[in-house]
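To start, the structure itself, in structure tokens.
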Amino acid sequence: MAALRDIKNRIEATKKTSQITKAMNMVSASKLKRVEKKHIAFTPIKLRVRRLLEDVLSSNPELTHPLLEKREIKKTGYILVTSDRGLAGPYNSNVIRHFESLVKEVHKSKSEYIVGTIGYKGYSYCRRKQLPLLNTESINSRDDVKFIDFQAMSRAFIELYLNRGVDKIVMIYAHYINSISQEIREELLLPVTDIISDEADLLSDYVFEPSTEEVINSLLPIFLENTLYGIILDAKTAEHAARMTAMKSATDNALEIIQKQNLIYNRARQAQITNELNDIIGGANAVK
């Protein structure tokens with residue numbers, strides 16, 4: 001009886017777990033649709049800001065700016081985009097593993113790089129490994145992504161770059177492909193080197209007020225902040241997709257375990273009934 005009771009308790013506990021994982025799967029699916037819609041809606045804005053920057057730069061090909069110039073790489077800044085919570089399958093571990101591989105390949109010591117983290121998991125990892133951190137506390141990666149949440153991070157890195165504290169800034173994040181597939185990407189945030197326009201003659205007759213330099217000074221930080229925000233929206237979409245897939249797998253595994261445990265329970269119960277019948281029959285034969 002004790003063995004049967006243990007099996008029954010295991011089945012009930014697994015059923016409760018499957019109910020929780022199924023609910024989490026449904027919640028993640030709902031959040032995925034919401035943030036994916038937000039990401040798609042923001043993409044044209046990001047592209048428009050980029051096009052404006054291309055147009056302004058094309059009006060004066062000889063224009064230079066510290067954020068546009070390549071220089072010798074002495075120190076690199078990394079921005080790790082992770083989640084605040086777990087239960088998202090390999091989402092966080094893939095980002096961290098890619099970062100570890102990159103650091104091992106490129107750098108010889110911790111003095112050659114500094115890390116900024118978005119999401120508690122990345123911050124906790126860096127603190128545990130005692131890596132050089134830009135932020136002194138975790139910057140939360142909440143589900144309702146707000147532009148202002150990451151503005152301080154982007155401005156701190158821009159200021160660090162302008163003061164030559166770092167010579168390159170790279171973002172490492174999970175890119176959303178579809179609901180069952182994400183890939184880890186590296187994106188160069190600074191210096192801005194890929195702003196190229198083939199339509200330089202289109203703005204040759206325009207005059208910028210107060211000056212082209214002032215427009216660039218105002219437009220470049222906006223472009224960088226929009227790029228950062230777009231990447232975080234992309235990563236948040238990938239996070240919800242990873243969590244939805246993980247919870248779906250957990251639910252399926254729980255149902256499979258329940259099915260196997262039910263089979264074990266039924267066999268044990270049948271064996272117990274058979275033993276009881278044998279005892280009854282044996283007792284009846286003894287009386288005769």
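Tabulated results
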item	result
Any hit, the stretch 230-240, residues being modelled with pLDDT of 80 or more, crowded, with 19+ Cβ neighbours inside 10 Å and more than 24 Å from Ala152 (Cβ to Cβ)	yes
All positions within the stretch 180-210 that are buried (at least 16 other Cβ atoms within 10 Å of the Cβ), over 30 Å from Asn163 (Cβ atoms) and at pLDDT below 85	Leu203
Identity of the residue in the stretch 37-82, hydrophobic (A, V, I, L, M, F, W, C) and part of a strand (DSSP E or B), that ends up nearest to Glu112 (Cα to Cα)	Ile79
Hey, Ile96 among the hydrophobic types (A, V, I, L, M, F, W, C) and touching a residue at least 60 places away in the same chain (Cβ under 8 Å) or not	no
Subset tally (residues that are touching a helix residue (DSSP H, G or I) at 6+ places or on another chain (Cβ under 7 Å), modelled with pLDDT under 90 and under 15 Å from Ile231 (Cα atoms)) for the stretch 153-179	1
All positions within the stretch 69-94 that are over 17 Å from Leu228 (Cβ atoms), of a type in the set (A, V, I, L, M, F, W, C) and touching a helix residue (DSSP H, G or I) at 6+ places or on another chain (Cβ under 7 Å)	Leu87, Ala88
Given (1) touching a Phe, Trp or Tyr at 6+ places or on another chain (Cβ under 7 Å); (2) surrounded by fewer than 19 Cβ atoms within 10 Å (Cβ to Cβ); (3) hydrophobic (A, V, I, L, M, F, W, C), index of the condition Leu162 fails	(1)
Residue satisfying all of: in the stretch 86-123; touching a Phe, Trp or Tyr at 6+ places or on another chain (Cβ under 9 Å) and of a type in the set (A, V, I, L, M); surrounded by the fewest Cβ atoms within 10 Å (Cβ to Cβ) among these	Val106
Evaluation of Leu87 against (1) of a type in the set (A, V, I, L, M, F, W, C); (2) at negative phi; (3) outside any helix (DSSP H, G or I); (4) under 16 Å from the mean Cα position of the chain (by Cα) (one fails), failing number	(2)
Ser18, sole failed condition from (1) over 29 Å from the mean Cα position of the chain (by Cα); (2) under 30 Å from Ile273 (Cβ atoms)	(1)
Search result, residues across the stretch 83-132 that are basic (Lys, Arg) and under 14 Å from Lys236 (Cα atoms)	Arg85, Lys121
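The values are calculated or read from the model by the stated rules, or taken from the named source; none is laboratory data. In this text the structure is predicted, and so the values were computed from the model without any measurement. Note that each Cβ is placed from the backbone with ideal geometry, even for glycine, and that neighbours are counted across all protein chains shown.
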